[in-house]
1. Per 0.36 nm of contour for each residue apart, how much would the distance between residue 76 and residue 154 grow if the chain were fully extended, relative to their Cα-Cα spacing?
2. Run the reach check for residue 150 against lysines, Cα to Cα strictly under 19 Å, same-chain hits fewer than 8 apart removed. What comes back?
3. Can you give me the Rg/Rh ratio for the range 418-477, using Cα atoms for both radii and the Kirkwood formula for Rh?
4. How far is helix 24-42 tilted, in degrees, relative to the longest principal axis of the Cα atoms in the chain, given as a value from 0 to 90 rounded to the nearest 10?
5. Take the residue pairs 378/505; 428/504; 333/398; 290/409; 458/504 and return only those whose Cα atoms are more than 19 Å apart.
6. What do you get for the angle between helix 387-408 and the principal long axis of the chain? Use alpha-carbon atoms, 0 to 90 degrees, nearest ten.
7. Farthest toward the dipole's positive end in the range 51-131, which of 84, 51, 104, given Cβ charges of +1 (Lys, Arg) and -1 (Asp, Glu) about the Cα centre?
8. What does the C-alpha gyration tensor say about the overall shape of the range 50-107? Classify as rounded when a/c is under 1.5, otherwise prolate if a/b is larger than b/c, or oblate.
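The values are calculated or read from the model by the stated rules, or taken from the named source; none is laboratory data. All values reported here derive from a predicted model rather than from experimental measurement. Note that we place each Cβ from the backbone using ideal geometry, even for glycine, and neighbour counts take in every protein chain shown. These accessible areas exclude ligands, DNA and RNA; they are computed on the full protein's heavy atoms, side chains included. Shrake-Rupley method; radii C 1.70, N 1.55, O 1.52, S 1.80 Å.
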Amino acid sequence: IRRPPRSTPKPSSAASDVYKRQHMGHAYSSIIADIFARFKRLENYNVRFLTGTDEHGLKIQREAEKNSKQPKAFCDELSLKFKSLSKTLNLSNNDFIRTTEKRHHKAVNEIWDRLVKSNDIYLSKYSGWYSVSDEAYYDNDEIESKNNIKVAKVSGSRVEWVEEESFFFKLSSWEKKLLDFYQSNPNFILPKSRRNEVVEFVKGGLKDLSVSRTSFSWGIPVPKNNKHVIYVWLDALTNYLSSLDFPDQKNIKYKNFWPADVHIIGKDILRFHAIYWPAFLMAAKLPLPKRVYGHGWILSDEKKMSKSLGNILDPLEIINEYGIDPLRYYLVKEVSLGNDGSISLKSLHDCINNDLANNYGNLCQRVFSFVEKNCDSKIPNYRNFSKEDEIITKNLIKKIPDLQSLMNKQDLNQYIKEVINFSFSANKYFNDLKPWDLKKVNIERMNAVIYTVLNQIKSISILLYPIIPDSTQKVLDCLGVPKNEFNLDCLLNFKYLKMDLNIKKPGILFKKIENDN
């Protein structure tokens, strides 16, 4: 049983912006999590993949007011946008959590009660800088002035001075325990650069964290004190548990899927997931997730996307123009997971042409067309494999453990390079063996070559399935591979394909793009 990769597309900048335009960053987080979930299913794990929307806080309340709506009605519409995006991105999530749901409120109340019982909550007064956009508190040394406006250094978001009565969480008392945990679990935060960043921050000293607000009302009320609402991050982070019907720790979902194997998040919310969340869980006497992976930002032509620069690439527009699979493939191929990555329409076109149209797509088109014309559209019979056939087949099989390791380390970029190289090799094998010539002199040898290359297409398609599921499923359907057999075990059997099975061409999988010069 595998625990859930998780990506929550939290509305960023302003919820009204999300209304108008879905941001590429939301698409990226969700696609990455989906790829890991699909791959673990290839390994025959029972996977629970969770995504959803965080809907409370002052930012949402203000945006609802701007749109002349009640917060709940505003969130209902906003959540529908993200649910629709999940379908458009072809996500395989098992659940979609909303922090306005009753099951979530129940879990948050339980976490709050546990923190009170552990003497980690106390009432005091908060005075300091707060970013509505980031839903985050900042110290003086984290603030700078830009155009006479105070902003957070890390995000550039505007901050405002806040003074109000607040409940505090004794974060400072968990400093040593957090450092000890990071030391004992070196892969808890990845990539290593993120881990180093978190460790240095914690070593610099932790201050107690304000975990309630009285200046607005849109949130979950503090138990037994309706004057306060619970701080949005203590609320939002608990969604990982509420999806598993916590606080019922005896139910099958909680037993099977907690602690989570990995949270997939953007680096801008690393502090909340790698410092606050573990401290909350320790105080509540609950197991910690096994890993937090903080990916980088998506940049447009080397610059962070922004409305003022006019360089925002809308994922929906790209999907409408090129399809969802090319976008999924491009994002994980072009951006080194963990680092910031620059994208552009030109590099998207190059990627579609070189990797998808001219390589994998061309391989499928050529081989299936040959089978149609020369094998009566049937998977050919064969008697014996030659050494050349065995080499290309076994080279892929031998790589499977390495590919599994790459995925388990979240090294998506190297994984894609390895798999797409198999496609290059299969194209070369097809060219070098020249089955069109073999047909004239040795039909049995031609049959073995075609069977071998069809088997390679089957294996490559399964390995690419987590990344480009629509396109690869078309190919696998044509080869007679049922969806319940999309797994790595299928790769080990190079006599898997049924001889004499009628197959159809999948058609053009990826249209080549003519670049304007």
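1. Numbers: separation 78, 0.36 × 78 = 28.08 nm, distance 3.05 nm.
That works out to 25.0 nm of additional length.
2. Qualifying lysines at Cα under 19 Å: 59.
3. Numbers: Rg = 13.0 Å, Rh = 12.3 Å.
That ratio is 1.06, to two decimals.
4. 60
5. On the way: 378/505 11 Å; 428/504 23 Å; 333/398 23 Å; 290/409 12 Å; 458/504 14 Å.
Distance filter (> 19 Å) returns 428/504; 333/398.
6. 0
7. In the range 51-131, that residue is 84.
8. Details: a/c = 2.85, a/b = 1.42, b/c = 2.01.
Because a/c hits 1.5 or more and a/b fails to exceed b/c, the range 50-107 counts as oblate.
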